[in-house]
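The values are calculated or read from the model by the stated rules, or taken from the named source; none is laboratory data. These figures come from a predicted structure and were not determined experimentally. Cβ placement follows ideal geometry from the backbone for every residue including glycine, while neighbour counts extend to all protein chains displayed. Please note that ligands, DNA and RNA were not included when accessible areas were found on the heavy atoms of the full protein model with its side chains. Shrake-Rupley method; radii C 1.70, N 1.55, O 1.52, S 1.80 Å.
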Amino acid sequence: MIIDFRTKHKVIPEPVLINDCIVERVTEYKYLGVVIDNDLKWHEHVAYVEKHLKPRLYCLRKLNSFSVSQDILATFYSSILSSVWTYCLICWAGNTDKSHIKVLDDIIKQVGRILGENLPSVYTVYLKHAGVKLQSIWNDSSHPLYDQLSSRIIKRSGRLRSLVSHTNRYQSSFIRYSHCYP
């Protein structure tokens with residue numbers, strides 16, 4: 001797979017050879033359960049997650065129809081459903097279109113109706129995970145992003161200077177939310 005964001009003068013590179021065999025080029029690839037495409041758009045990954053959530057949602061509905069206790073239903077959700085859509089959330093949720101996030105939010109709302117409670121949206125959980133990730137960077141001076149973030153601190157206020165970006169890709173990353181964590 002070739003990831004190239006240039007809009008002008010795209011050059012198609014020579015085929016890659018390994019042991020005199022041409023490596024096949026693909027437009028998307030599933031790596032460790034995350035579907036990555038060559039534009040770093042996440043609609044295929046969201047479709048993959050949705051496909052894996054629907055049968056689990058069916059099982060939750062069946063458990064509910066058998067009058068299983070709310071504690072067991074909540075445990076089923078947190079272990080079987082939530083673990084699917086929160087996996088690698090920090091990588092893909094910040095750069096996913098709202099229309100694709102809505103698909104997952106609708107499933108979460110269905111689960112919330114079954115459980116009888118309001119569950120946090122994908123974006124809310126993403127912000128929480130982003131905050132935890134940033135806090136771990138602040139606490140680890142050997143982290144590759146530590147120097148980049150610490151150099152952006154405004155001395156007078158202790159807050160982080162806003163990121164300057166020409167594309168939405170960097171602004172949508174979890175670093176954007178680092179203004180909360182000096």
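Data table
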{"read-out": "Criterion: exposed (fewer than 13 other Cβ atoms within 10 Å of the Cβ), at pLDDT below 90 and part of a helix (DSSP H, G or I) - qualifying residue of S136, S141, S162", "value": "S136"}
{"read-out": "Tally, over the range 62-94, of residues that are part of a helix (DSSP H, G or I) and exposed (fewer than 14 other Cβ atoms within 10 Å of the Cβ)", "value": "9"}
{"read-out": "Subset of the range 1-22 (residues that are within 11 Å of N38 (Cβ to Cβ) and either open to solvent by 100 Å² or more (accessible area, probe 1.4 Å) or of a type in the set (A, V, I, L, M) (or both))", "value": "M1, I2, I3"}
{"read-out": "Criterion (under 27 Å from K128 (Cα atoms), part of a strand (DSSP E or B) and either modelled with pLDDT of 90 or more or open to solvent by less than 40 Å² (accessible area, probe 1.4 Å) (or both)) met by exactly one of K30, K54", "value": "K30"}
{"read-out": "Flag for I36 being touching a His at 6+ places or on another chain (Cβ under 8 Å), assigned to a helix (DSSP H, G or I) and surrounded by 11 or more Cβ atoms within 10 Å (Cβ to Cβ)", "value": "no"}
{"read-out": "Qualifying positions in the range 39-51 - in a helix (DSSP H, G or I) and surrounded by 14 or more Cβ atoms within 10 Å (Cβ to Cβ)", "value": "H43, E44, H45, V46, Y48, V49, E50"}
